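Undergrad: Sharing a structure here in structure tokens format.
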Amino acid sequence: MFNVTVAEASSILGVSVGRVHQLIRSGALDAEKVGGIWLVDRNSIETRLSSVPAAGRPSSHPAGKGQARYLLMSRNHPVLSFRFDSATGEFFNADEVMDSARAPLSVVSPRGKKASRKALAYWWGHRVIPKARHGIEEKLRELGIENAHDLPFRSMGLSLSDQYWVKPIDSNLDWADINFFENDFIEIETEEWLADVGLDSPDNTSDGVLSKRWVCRDGERRLLKGGTLLEQEPYNEVIATNLFNRLLKPEEYVPYRLEEWGGAVVSSCPNFLRSDEEFIPALYVAEIARRPEGRSSYRHYVECCERLGITDAETALGKMIVGDYVMANSDRHWRNFGIVRNVETLECRIAPLFDTGTSLWCHIPTRELPFASFCSGAKPFFEDANRQLRLVDDASWLDLDKLTGFPEWASDFLEENPAMIGRTDSIFEGIQTRIDRLRAIFG
């Protein structure tokens, strides 16, 4: 009988209204629209209850001395069990490690016997929207959440960056029913960045300071990202795409485009992961082995990649360094590059290049730009961009003739942004100077 409202189904199942809508769209609940209102079949609700005895997300009121017990899952593989206190955001030592090979890198001890509470909390902390994200404090107050670490539990820790999720210890939930790679997620019809936070949405686990939101376009998961004061960052992402398109193979970079959204121009890119893959930031890759005294961070990272079966790390790093040099990218930190791992086979490959928005001197005031366009800070191996460039031993892949006309194209494209008045000539000169420098070094 189709006589149960979505709100009533939410109460019966112990899940959010958004989750009920997701279950309806996926076919897990039978429902029909009557007079513009969804009514759910009571029998399908009872079937859902019997098949998932602990259905829904973890309770926000943990049982047992304030600590709730969960399984950290990788798809349908139990990885480890742990306890979490939502009132304090505190993790407790894992009770049991079931699958150390599929655990987040650096969380489990080298022998695979113990999980570090500190490492687990640090890893989880980067599944949490940072306090520096505009509007998040107000959003947390609206949701009645005191600790941001509890926010990902609203969607069981699900992400579009990896396959990890948290499962109540007695639940029969299945990855196929809940993951965001294959199932629709909540998108409220409003152009507000944080509108979906708190619902069944991958936005609950989006890291980074810039405003961002996951959307679904014709079945494709895309990440929208805004800019700062001059809104130059979205344009920079498209310029980097043009640069990489000239120099690299399509699979070696993530393509960005511009979209009009929320009354502003934003960048939009597809998710570069398949539903059986996870992105592992370089920060964690570098922690799989202790760095010997005197070993450079660059050489150590290459050796860690080799331990994971990746043999082309140096070539890939060379492409990243050269691309960042041309773009004057000042924010290639250790979370902005890394590897992709298949969570079933555990095979690894280099992740495509992404997130080049903080480039082309976008944070330098216009009045200072003519005096600063020939230099910029660099990351991750050296702060001096020229010194970092010297790490590139093999540039046989680099065809500098393909960069003919690139500075002109980039500066013309930036002029589409009204805030770039008085900036594009200096940016053109800065890009051209860097390309000339590459010609002097690599011929």
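The values are calculated or read from the model by the stated rules, or taken from the named source; none is laboratory data. All figures in this text were calculated on a predicted structure; none of them were measured in a lab. Reconstructed Cβ throughout: ideal geometry from the backbone, glycine too, with neighbour counts over all protein chains shown. Accessible surface areas use protein heavy atoms only, side chains included; no ligands, DNA or RNA. Shrake-Rupley method; radii C 1.70, N 1.55, O 1.52, S 1.80 Å.
Undergrad: Taking segment 308-354 as the search range and keeping residues that are part of a helix (DSSP H, G or I) and not aliphatic (A, V, I, L, M), which one is surrounded by the most Cβ atoms within 10 Å (Cβ to Cβ)?
TA: D324
Undergrad: Residues of segment 394-408 being in a helix (DSSP H, G or I), within 10 Å of R246 (Cβ to Cβ) and open to solvent by 20 Å² or more (accessible area, probe 1.4 Å), which ones?
TA: D401, K402
Undergrad: Given the conditions (1) open to solvent by 10 Å² or more (accessible area, probe 1.4 Å); (2) closer than 26 Å to I288 by Cβ; (3) touching a strand residue (DSSP E or B) at 6+ places or on another chain (Cβ under 8 Å), and given that D184 satisfies all but one, which numbered condition is not satisfied?
TA: For D184, the exception is condition (2).
Undergrad: What number goes with the only condition from (1) closer than 30 Å to I339 by Cβ; (2) at pLDDT below 95; (3) open to solvent by 60 Å² or more (accessible area, probe 1.4 Å) that F374 does not pass?
TA: Answer for F374: the failing condition is (1).
Undergrad: OK, next. Can you tell me which residues in segment 199-222 are in contact (Cβ under 8 Å) with a residue 60 or more places away in the chain and not acidic (D, E)?
TA: Passing the criteria: L199, S201, N204, T205, S206, G208, V209, L210, S211, R221.
Undergrad: Cβ-Cβ distance below 6 Å, separation of 6 or more or different chains: which pairs start in segment 100-121 with a residue that is among the basic types (K, R) and end on one that is open to solvent by less than 20 Å² (accessible area, probe 1.4 Å) and at pLDDT below 85?
TA: Between residues of segment 100-121 that are among the basic types (K, R) and residues that are open to solvent by less than 20 Å² (accessible area, probe 1.4 Å) and at pLDDT below 85, the close pairs are R117/F91.
Here's the yes/no breakdown for (1) within 30 Å of the chain's Cα centre (by Cα); (2) crowded, with 17+ Cβ neighbours inside 10 Å; (3) aliphatic (A, V, I, L, M); (4) modelled with pLDDT under 75:
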position: V6; (1), (2), (3), (4): no, yes, yes, no
position: Q22; (1), (2), (3), (4): yes, yes, no, yes
position: S26; (1), (2), (3), (4): yes, no, no, yes
position: A31; (1), (2), (3), (4): no, yes, yes, no
position: R48; (1), (2), (3), (4): no, yes, no, no
position: S51; (1), (2), (3), (4): no, no, no, yes
position: S59; (1), (2), (3), (4): yes, no, no, yes
position: K65; (1), (2), (3), (4): no, no, no, yes
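Undergrad: How many residues are open to solvent by 40 Å² or more (accessible area, probe 1.4 Å) and either in contact with a strand residue (DSSP E or B) (Cβ under 8 Å, 6 or more places away or on another chain) or in contact (Cβ under 8 Å) with a residue 24 or more places away in the chain (or both) if we restrict to segment 243-259?
TA: 7
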